[in-house]
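Read the figures in this text as sums done on the coordinates, not as results from a lab. Computed from a prediction, not measured in an experiment: that's the story for all the values here. Here the Cβ positions follow ideal geometry from the backbone for every residue, glycine too, while neighbour counts run over all protein chains shown.
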Amino acid sequence: MRKAVAGIALALALAPAAVSAQSGTVSATATILGTMTVTNVADLDFGSIPPGAGQTLTPGAAAPAGATMGVLQIDHFSNFTASSVITGMTGPGGALAATFSCGYSTTPNGALTGGTFACATPAASPATVAGAATTTYLQVGGTIAGAATTGLAAGLYTGSLVFTFAATL
Amino acid sequence: MGRTWKRIGLLTCALFAAASPAVAQVALFPRQGLSFGVLTAGIADRVDPTDAARRAELEIVGEGDYTVVVQVPAALQSPEGRTLPLRFEAGDGLIRWRKSNKETPFQPGQTVSIRIPKGLGGAYVWVGGTAQPAAGQPPGGYSASITVQIIPAGT
């Protein structure tokens, strides 16, 4: 019997302390903020308009004599979306009705990449290569109808279009 | 004859005991991931392993001698497959004993040997590092995994 007990003790002493390897995983994360620079290249100027006459500036086309197309330069590394707030034009005679049209291009005054769209609901930017430094221009034109200037007091009428750009993937 | 059977029976029990592995003496618990947060393209950002809010943290519960292997990615990846390079240097990893102020710095990606004395309850593995977004790094979310393995010494 003593031999048997000794056998048990020996067997337990030889039992390996089997501690197994353990592993665990955690995540590593980062969010990159979209960066872009927007520069006002030119304000939109309809020029001098005789009473009863209208004026139209079409993005992608040359501006009429005495008028200037509005242009914003956007330096970016990804696609973007734009939103805008338009404050109507006002002057000595009160409000001057106008509609505004926009278009994207690769040069300040060149042909558009895509068509025109209402500035009040800006379109997404033309597709770009993610990570590549890209310059896109937003041309801003518009129309003042002849009826809007009829009987309107002479003077300077101003308003503003404020665009907000947000980088997307 | 009766005594002989008793002996054989006892020996059989003893052999079963010898063949059964002991319960693991150590456990590893992931606590939180390494979070670089919101970064700006072109600007590198380092998370220090003592930064409680942003470092990766795993907890070792147990005692004994171990080799700790921290496998870190070379880059984070976006769902679109774009990469954001990472850098891990000496001191970006830190092992901190639970019940003492003892710390052992290490370089993630390399192995480190530790001894957790009896009574200290375990240790924490803290992992920091540096994210290096390129100037034109596309915006969005990036992620990867950090795997920590603890291997008992002598195995």
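General observations
- Rg over Rh, two decimals, segment B:84-155 (C-alpha only, Kirkwood Rh): 1.09
- Per residue of peptide B:28-38, the mean number of Cβ atoms on other chains within 10 Å of the residue Cβ is 4.
- Its alpha carbons give segment A:37-87 an Rg and a Dmax of 14.0, 45 Å.
- Restriction of the GluC sites (Glu not before Pro) in segment B:29-120 to DSSP coil positions whose beta-carbon has at most 10 other beta-carbons within 10 angstrom yields B:E80.
- FRET efficiency for B:T40 and A:L156, using Cβ-Cβ distance with R0 set to 51 Å, rounded to 0.05: 0.80
- In chain A, the longest principal axis of the Cα atoms and the axis of helix A:2-14 are about 20 degrees apart.
- Calculated over the protein assembly as shown, the projected area of the Cα convex hull averaged across directions stands at 26.2 nm².
- Spin-label pair A:T135/A:A62, simplified geometry with 7 Å Cα→Cβ offset, distance in nm: 2.3 nm
- Computed from point charges on the beta carbon alone (+1 for Lys and Arg, -1 for Asp and Glu), the dipole magnitude for segment B:59-137 about its Cα centre is near 220 Debye.
- Legend: mean number of C-beta atoms from other chains within 10 angstrom of residue C-beta atoms, peptide A:31-40, equals 6.
- Computed [θ] at 222 nm, deg cm²/dmol, the protein assembly as shown (DSSP H ≥ 4; -39,500 (n - 2.57); rounded to nearest 500): -3500 deg cm²/dmol
- Using alpha carbons only: equivalent-ellipsoid semi-axes of segment B:61-100, gyration tensor based, whole Å: 31, 12, 9
- Relative to its residue count, segment B:54-121 spans a Cα convex hull of 100 Å³ per residue.
- Centre separation in Å (Cα based) which lies between segment B:117-155 and segment B:41-57: 11 Å
- Debye intensity ratio I(q)/I(0), log10, segment B:19-155, q values 0.13 Å⁻¹ (C-alpha model): -0.58
- Per-residue mean of foreign Cβ neighbours for B:49-58 is 1 (Cβ atoms of other chains, 10 Å radius).
- The packing ranking of peptides A:106-117, A:137-148, highest mean first, is A:137-148, A:106-117, where packing means the average number of other beta carbon atoms within 10 angstrom of each residue.
- Percentage, to the nearest whole number, of Cα pairs in chain A over 22 Å apart: 57 percent
- Across segment B:116-155, Cα-Cα distances exceeding 12 Å account for 79% of all pairs.
- Shape of segment A:97-167 from the C-alpha gyration tensor: prolate (a/c of 1.5 or more and a/b above b/c, with a ≥ b ≥ c the square roots of its eigenvalues).
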